[in-house]
Amino acid sequence: MDIPRIFNITESAHRIHNPLTPEKLATLGAVLRLEAGTRVLDLGSGSGEMLCTWACGYGISGIGVDLSQLFSEHARLRADELGVADRVKFIHGDAAGYVADRKVGVAACVGATWIGGGVAGTIELLAKSLSPGGIILIGEPYWLQLPQTEEVARGCLAHSISDFLTLPDLIASFGELGYDVVEMVLADREGWDRYEAAKWLTMRRWLEANPDDDFAGEVRAQLTFEPKRYVTFTREYLGWGVFALMAR
Ligand code: SAH
């Protein structure tokens, strides 16, 4: 059981699989005023950068669940590297329906809300693991400007315009679900560039090392078209942020 192989190729060198820079990830930990010993659950934890750096910088302990075997292995290596392997645990598996054995102070899903079938379902899932008064973190794209056509939405790799909301509508939607938005850290274009452009060099290097692989054609096509697609669409139209929520 794993994610589609193309992501394990294109994002194999990413530590952060979202448009937040390392600085913004640290800012997020700081603005949440995390106390040492706080337990954090992260569904779709990727290569574990959030839990590992927060364990290192803020003394939290954490559990991450991720469907990519490769990213989960990278997460364990990162925990060793930062000396926090005794405090963070990474489980390779499907996070759909995952509920922590012990309640946590922070329950997060950062850039993987399909795990709960969308933002609302993911908030509902995370809430099952949360201590009273705890914080839910949702990382999600939003439209910087609403696409004029469905073609533009597809250029942003969305299925349709309705996949995402504008920032005001996204913020309002959390309220409609009964949550206060108590903090947020938004990505900027530099962060988007780091997330997207890092894939290009990874693809190029991978192609040089694996010219005869079954995926070489697909990776070649992506490397050829992705830079133009990204600057034409995603970079112009999509924002991204992590929103901290507390039940009203
Ligand atoms: N939160 C991480 C990763 C975001 S990318 C970060 O911000 O760096 C989305 C992640 O979701 C990938 O690591 C992918 O492997 C994982 N994923 C996709 N489907 C999943 C599922 N059903 N259960 C658990 N993880 C999943």
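The values are calculated or read from the model by the stated rules, or taken from the named source; none is laboratory data. Owing to the predicted nature of the structure, the values given are computational and were not obtained by experimental measurement. Heads up, the Cβs are rebuilt from the backbone with ideal geometry, glycines too, and the neighbour counts pull from every protein chain shown.
In table form, for the structure just shown:
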read-out: Qualifying positions in the range 61-113 - touching a Phe, Trp or Tyr at 6+ places or on another chain (Cβ under 6 Å) and surrounded by fewer than 21 Cβ atoms within 10 Å (Cβ to Cβ); value: Arg76
read-out: Matching option when the condition is among the aliphatic types (A, V, I, L, M), modelled with pLDDT of 95 or more, in a helix (DSSP H, G or I) and touching a helix residue (DSSP H, G or I) at 6+ places or on another chain (Cβ under 9 Å), among Leu146, Leu125; value: Leu125
read-out: Any hit, the range 15-23, residues being more than 11 Å from the ligand (Cβ to nearest atom), part of a loop (DSSP other than H, G, I, E, B) and modelled with pLDDT of 95 or more; value: yes
read-out: Residues located in the range 117-132, provided they are free of Cβ contacts under 8 Å to residues at least 60 places away in the same chain, within 16 Å of the ligand (Cβ to nearest atom) and either farther than 13 Å from Leu245 by Cβ or buried (at least 22 other Cβ atoms within 10 Å of the Cβ) (or both); value: Gly117, Gly118, Gly121, Lys128
read-out: Residue among Arg189, Arg248 that is in contact (Cβ under 8 Å) with a residue 40 or more places away in the chain, surrounded by fewer than 20 Cβ atoms within 10 Å (Cβ to Cβ), closer than 20 Å to Thr122 by Cα and among the charged types (D, E, K, R); value: Arg248
read-out: Residue count, the range 170-189 (criterion: among the charged types (D, E, K, R) and within 13 Å of Val119 (Cα to Cα)); value: 1
read-out: Residue match in the range 133-140 (condition: modelled with pLDDT of 95 or more, within 30 Å of Met1 (Cβ to Cβ), among the small types (Gly, Ala, Ser) and more than 16 Å from the ligand (Cβ to nearest atom)); value: yes
read-out: Hits in the range 24-62 (condition: assigned to a strand (DSSP E or B), touching a residue at least 40 places away in the same chain (Cβ under 8 Å) and of a type outside the set (Asp, Glu)); value: Arg39, Val40, Leu41, Leu43
read-out: Lone qualifier among Asp86, Asp94, Asp42, Asp66 - being away from the ligand (no atom under 14 Å from the Cβ) and at pLDDT 95 or above; value: Asp86
read-out: Of the criteria (1) out of contact with any Gly (no Cβ under 6 Å at 6 or more places or on another chain); (2) under 24 Å from Ser160 (Cα atoms); (3) part of a helix (DSSP H, G or I), which one Phe233 fails; value: (1)
read-out: Those residues of the range 69-83 which are within 12 Å of the ligand (Cβ to nearest atom) and aliphatic (A, V, I, L, M), in sequence order; value: Leu70, Ala75
read-out: Residue within the range 106-119 that is assigned to a helix (DSSP H, G or I), of a type in the set (Gly, Ala, Ser) and under 30 Å from Phe225 (Cβ atoms) present; value: no
read-out: Residue in the range 83-92 that is outside any strand (DSSP E or B), over 24 Å from Gly241 (Cα atoms), touching a strand residue (DSSP E or B) at 6+ places or on another chain (Cβ under 9 Å) and of a type in the set (Val, Ile, Thr) present; value: yes
